[in-house]
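Q: Below is a structure I'd like to ask you about.
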């Protein structure tokens with residue numbers, strides 16, 4: 001079976017996110033003053049061939065650990081559909 | 001109230017995604033051969049000050065339209081928590 005898996009890679013909460021800061025400045029100068037604490041990461045969608053949702057999640061976790069996220073600066077979350 | 005809003009910005013399905021292609025190649029050469037159709041977009045988290053979840057969603061939609069997504073190449077989805 002093929003599962004659709006979403007991997008969300010975000011900057012660690014302890015770190016500054018200058019890209020997010022810049023986007024927040026942009027939003028506020030567009031008049032969107034009710035927005036704060038903008039953080040920007042990556043959203044990666046994969047199709048994974050696996051026997052079960054658990055196996056698909058395992059494969060996606062391996063992908064996250066080995067390539068998709070840099071653990072020094074980022075964490076990742078996985079959602080299997 | 002403050003709502004935590006996630007905006008997912010992805011390349012349009014009709015378009016090639018060279019970054020995703022490159023990452024898929026990387027995963028396969030790491031031995032993750034069960035992964036296909038990798039697409040890479042942005043995941044943006046915002047804190048939005050609003051009276052209701054609907055209002056928070058509206059503000060995030062305006063942010064997506066005005067700044068976060070380029071409609072020529074990308075679409076976006078919003079999730080309010």
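Q: Which members of segment B:44-59 meet the condition of being more than 9 Å from chain A (Cβ to nearest Cβ) and within 16 Å of the chain's Cα centre (by Cα)?
A: B:57
Q: Here's a check for you: in segment A:1-19, which residue that is more than 9 Å from chain B (Cβ to nearest Cβ) and in contact with a helix residue (DSSP H, G or I) (Cβ under 6 Å, 6 or more places away or on another chain) is farthest from residue B:42 (Cα to Cα)?
A: The qualifying residue farthest from residue B:42 (Cα to Cα) is A:3.
Q: Can you say whether residue A:5 is touching a residue at least 40 places away in the same chain (Cβ under 8 Å) and either in contact with a strand residue (DSSP E or B) (Cβ under 9 Å, 6 or more places away or on another chain) or assigned to a strand (DSSP E or B) (or both), as far as the supplied structure shows?
A: Values: touching a residue at least 40 places away in the same chain (Cβ under 8 Å): yes; either in contact with a strand residue (DSSP E or B) (Cβ under 9 Å, 6 or more places away or on another chain) or assigned to a strand (DSSP E or B) (or both): yes.
For residue A:5, the condition - touching a residue at least 40 places away in the same chain (Cβ under 8 Å) and either in contact with a strand residue (DSSP E or B) (Cβ under 9 Å, 6 or more places away or on another chain) or assigned to a strand (DSSP E or B) (or both) - is met.
Q: Restricted to segment B:24-43, and to residues that are facing chain A (nearest Cβ under 7 Å) and part of a helix (DSSP H, G or I), which residue is nearest to residue A:63 (Cα to Cα)?
A: B:27
Q: Before we move on, is residue A:66 more than 30 Å from residue B:54 (Cα to Cα), over 12 Å from the mean Cα position of the chain (by Cα), free of Cβ contacts under 8 Å to residues at least 24 places away in the same chain and within 7 Å of chain B (Cβ to nearest Cβ)? Please lay out each step first, then the result.
A: Details: more than 30 Å from residue B:54 (Cα to Cα): yes; over 12 Å from the mean Cα position of the chain (by Cα): yes; free of Cβ contacts under 8 Å to residues at least 24 places away in the same chain: yes; within 7 Å of chain B (Cβ to nearest Cβ): yes.
Yes: the conditions hold for residue A:66.
Read-outs throughout are calculated quantities, based only on the coordinates presented, and are distinct from any laboratory measurement. What you see is a predicted model, and the numbers here were worked out from it, not measured in a lab. Cβ coordinates were reconstructed from backbone atoms using ideal geometry, including for glycine residues, and neighbour counts include every protein chain displayed.
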